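The values are calculated or read from the model by the stated rules, or taken from the named source; none is laboratory data. Nothing here was measured: the structure is a model prediction, and the numbers come from that model. Every residue, glycine as well, gets a Cβ built from its backbone with ideal geometry; the counts of neighbours run over all protein chains shown. SASA here: full protein model, heavy atoms, side chains in, ligands and nucleic acids out. Shrake-Rupley method; radii C 1.70, N 1.55, O 1.52, S 1.80 Å.
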Amino acid sequence: MKLFISADIEGCTGTTLAAETHKEEEVYKKFAERMTEEVVTVCKAALEAGADEIVVKDGHGSATNIDPMKMPKGVTLIRGKSGHPYNMMFGLDESFDGVMYIGYHSPAGSPESPLSHTSTGNTNYITLNDRPFSEFMLNSYTAAMLGVPVIFISGDRGICRASKELIPEIVTVETKWGAGGSTINKDPDTVLEELESQVKKAVAMDFSSCRLELPEKFVYKANYKDLKKAYQMSFFPGVKALDARTNCLETENYMDIVVAHSFIVY
């Protein structure tokens, strides 16, 4: 069994303020350590449950947050930004049996977390086929494009709820929930226990129940905070301006969305 893990930091236990996610800030270190701890816990549980090979993609910021010296035997860690449009899913291909997410968070415009965003902080919101477009949705459709089921996610309550709406059989672990500028967090030991037990449950189930079907057509809309950014990105091939802040891309090919997104929100 070959599994792919995409890991972020904003949905890990405790993370609340933007400074806690930025490497140049003094407070960052302990939250990167927590991200590493949650990743290691998930990897060990998956290996104990029968996984033969695991590839972890560090998906936050510079993608150099997870301590590579703490990876369990049998785990490959992908660090740094390749430049490939898959971004947080770089390294995924058709050879994998399943995908898992760790530390994921609510999308841009969501009140479910003070750290809500989608890929960058440049948009007020993004929608795909009139649904909030999260990094979870972005990456899960990428997995679907390759025929790989998405079986597990941990993160804030909002993204866990949204994941169930898209993939009802996905296994989830809530680490916290948001209220205004605050987060209400489960204690760290309980989260680790839940990660271990729920990952084992996910790895033991029939992955075909978590296979996501791609829509026949995609309508992607991005509403920008900055007027210049909105205007500039309206010239990206295939994109049209709906108003001064909102751009739209319509296509039947999901890879068009992946590529456009990797440019126009950065």
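Of the conditions (1) free of Cβ contacts under 8 Å to residues at least 40 places away in the same chain; (2) in contact with a helix residue (DSSP H, G or I) (Cβ under 9 Å, 6 or more places away or on another chain), residue 57 satisfies every one except a single condition; which number is it?
(1)
From the residues in region 59-73 that are open to solvent by less than 40 Å² (accessible area, probe 1.4 Å) and within 21 Å of residue 48 (Cβ to Cβ), which one is nearest to the chain's Cα centre (by Cα)?
66
Being farther than 21 Å from residue 87 by Cβ and among the aliphatic types (A, V, I, L, M): is that true of residue 244 here? Give the steps one after another, and end with the answer.
Values: farther than 21 Å from residue 87 by Cβ: yes; among the aliphatic types (A, V, I, L, M): yes.
Spelling it out, residue 244 is indeed farther than 21 Å from residue 87 by Cβ and among the aliphatic types (A, V, I, L, M).
State all residues of region 144-157 that are crowded, with 24+ Cβ neighbours inside 10 Å and more than 13 Å from residue 173 (Cβ to Cβ); if no residue qualifies, say none. Steps first, please.
Let us first name the residues in region 144-157 that are crowded, with 24+ Cβ neighbours inside 10 Å, namely 148, 150-156.
Matches in region 144-157: 148, 150.
Does residue 220 meet the test of being under 19 Å from the mean Cα position of the chain (by Cα), hydroxyl-bearing (Ser, Thr, Tyr) and surrounded by 13 or more Cβ atoms within 10 Å (Cβ to Cβ)?
On the way: under 19 Å from the mean Cα position of the chain (by Cα): yes; hydroxyl-bearing (Ser, Thr, Tyr): yes; surrounded by 13 or more Cβ atoms within 10 Å (Cβ to Cβ): yes.
So residue 220 fits the description; yes.
Return the only residue of 50, 61, 147 being within 25 Å of residue 264 (Cβ to Cβ) and not in a strand (DSSP E or B). Outline the logic, then answer.
Numbers: 50 fails: within 25 Å of residue 264 (Cβ to Cβ); 147 fails: within 25 Å of residue 264 (Cβ to Cβ).
One residue alone meets the criteria, 61.
Which residues, counting only those in region 93-111, are closer than 30 Å to residue 204 by Cα and open to solvent by 20 Å² or more (accessible area, probe 1.4 Å)? Before you say what the answer is, go through the steps one by one.
To start, the set of residues in region 93-111 that are closer than 30 Å to residue 204 by Cα comprises 93-107.
Scanning region 93-111 gives 93, 94, 95, 97.
Would you call residue 212 touching a helix residue (DSSP H, G or I) at 6+ places or on another chain (Cβ under 9 Å), without any contact (Cβ under 8 Å) to a residue 40 or more places away in the chain and under 25 Å from residue 87 (Cβ atoms)? Steps first, answer last, please.
Values: touching a helix residue (DSSP H, G or I) at 6+ places or on another chain (Cβ under 9 Å): yes; without any contact (Cβ under 8 Å) to a residue 40 or more places away in the chain: no; under 25 Å from residue 87 (Cβ atoms): yes.
No; evaluated as a whole, the condition is false for this residue.
Scanning region 226-266 for residues that are among the basic types (Lys, Arg) and in contact with a strand residue (DSSP E or B) (Cβ under 6 Å, 6 or more places away or on another chain), which turns out farthest from residue 109 (Cα to Cα)?
If we filter region 226-266 for residues that are among the basic types (Lys, Arg), which is where we start, we get 228-229, 240, 245.
When the remaining residues are screened for being in contact with a strand residue (DSSP E or B) (Cβ under 6 Å, 6 or more places away or on another chain), the result is 240, 245.
Numbers: 240: 21, 245: 14 Å.
Of everything passing the filter in region 226-266, 240 is farthest from residue 109 (Cα to Cα).
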